[in-house]
Structures are given as structure tokens and as C-alpha cells.
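Participant: After the C-alpha cells below, expect a handful of questions from me.
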Amino acid sequence: MRVIAKRTLREFWEHHLDAKSPLEAWHAEILKATWKSPQQIKAQFRNASVLKGGRVVFNIAGNKFRLIAAFDFDRQVSFVKFIGTHSEYDKIDAESV
């Protein structure tokens with residue numbers, strides 16, 4: 001599965017150095033994936049939360065950070081919609097960012 005855009009992840013970990021390794025690991029897992037449904041994501045990432053519209057919230061670095069990605073399963077593409085600290089996540093609407 002392609003990830004749009006790794007640059008977003010890189011820009012985040014430049015400001016949160018402790019996020020680099022977990023985000024790189026997340027990115028590597030997504031690249032290897034060939035999921036066809038949110039349930040398949042949930043089977044691999046048990047702590048992920050499935051939202052409406054093909055969006056999934058991932059806990060990064062032991063839930064220190066949150067990442068929201070939207071998935072187009074037909075085209076095998078994921079779109080990073082948000083990456084932030086847990087407190088930043090609490091201030092947004094995860095279904096509309």
C-alpha cells in the first residue's frame with residue numbers, strides 16, 4: 001500500500017525526535033500491507049480505531065502520538081490526514097481533518 005505522504009511524517013519527527021523510529025516502523029508496515037478492509041487493519045493493529053469513511057486512528061509510540069490515515073482499498077493508497085500528540089488529537093475532529 002502506498003503512503004501519501006511520508007514527508008508529513010518526516011516533518012513531524014523533525015520536531016518530535018522520539019516519534020521517528022515508531023513512525024518509520026508504522027510506514028514500513030503500511031508499505032507491506034495489502035488490506036482490503038478496515039477489519040484487516042484492525043486485525044494487525046489491535047489498538048487502532050476504525051472511523052467512518054475509511055479512516056483509521058493509530059496509536060504511535062505507546063499512544064504518545066496519534067496518526068489518522070484514510071485508506072482507499074481499491075487503489076491500495078493511504079493518506080496521512082493528521083499526526084500529532086495525544087493532546088493535539090483531543091482538540092480535533094478525527095472524522096473531518
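Participant: Would you please give the FRET efficiency between Asp74 and Lys6, computed as 1/(1 + (r/R0)^6) with r the Cβ-Cβ distance and R0 = 22 Å, to the nearest 0.05?
Facilitator: Values: r = 21 Å, r/R0 = 0.98.
With a Förster radius of 22 Å, E is 0.55.
Participant: Mind listing which trypsin sites (Lys or Arg not before Pro) in the stretch 49-87 are in a DSSP loop and have 15 or fewer other Cβ atoms within 10 Å? Intermediate results must be reported in sequence, preceding the final value.
Facilitator: Working: sites: Lys52, Arg55, Lys64, Arg66, Arg75, Lys81; in loops: Lys64, Arg75.
Sites meeting the loop and neighbour criteria: Lys64, Arg75.
Participant: Can you give the angle from 0 to 90° between the axis of helix 20-32 and the longest principal axis of the chain, with both taken from C-alpha atoms, to the nearest 10?
Facilitator: Taking the Cα atoms of the chain, the angle to 20-32 is about 10 degrees.
Participant: Work out the length of the dipole vector of the stretch 32-97 about its Cα centre, built from +1 on the beta-carbon of each Lys and Arg and -1 on the beta-carbon of each Asp and Glu, and round it to the nearest 20 debye.
Facilitator: Details: 11 positive and 6 negative charges, 49 e Å.
Dipole of the stretch 32-97, to the nearest 20 debye: 240 debye.
Participant: Check each of the GluC sites (Glu not before Pro) in the stretch 12-97 and keep only those in coil by DSSP with at most 15 other C-beta atoms within 10 angstrom; list them in order.
Facilitator: On the way: sites: Glu14, Glu24, Glu29, Glu88, Glu95; in loops: Glu95.
Those that pass, being in a loop and sparsely packed, are Glu95.
Participant: Debye sum, Cα scatterers, the chain, no solvent: what log₁₀ I/I(0) at q = 0.25 1/Å?
Facilitator: Those come out to -1.57, one per q.
Participant: Separate question: Would you calculate a helix-derived [θ] at 222 nm for the chain, using -39,500 (n - 2.57) for each DSSP H run of n ≥ 4 and dividing by the full residue count, to the nearest 500?
Facilitator: Here the helix-only value at 222 nm equals -9500 deg cm²/dmol.
Participant: Between Ser49 and Ser21, how many nm apart are label points set 7 Å from Cα along the C-beta direction?
Facilitator: Roughly 2.7 nm, to one decimal.
Participant: With all protein chains present, how much of the accessible area of the chain (probe radius 1.4 Å) comes from carbon and sulfur, to the nearest whole percent?
Facilitator: Working: 2700 of 5570 Å².
The computed percentage sits at 48.
Participant: May I pose another question? With a 1.4 Å probe and every protein chain left in place, work out the accessible area per residue of the chain in Å², rounded to a whole number. Working shown, then result.
Facilitator: Details: 5570 Å² over 97 residues.
Ligands and nucleic acids excluded, the figure is 57 Å² per residue.
The values are calculated or read from the model by the stated rules, or taken from the named source; none is laboratory data. Quick caveat: nothing in here was measured; it's all calculated off a predicted structure. A quick note on method: Cβ atoms are made from the backbone with ideal geometry, for glycine too, and the neighbour counts reach across all protein chains shown. The accessibility values were calculated without ligands, DNA or RNA, using every heavy atom of the protein model including side chains. Shrake-Rupley method; radii C 1.70, N 1.55, O 1.52, S 1.80 Å.
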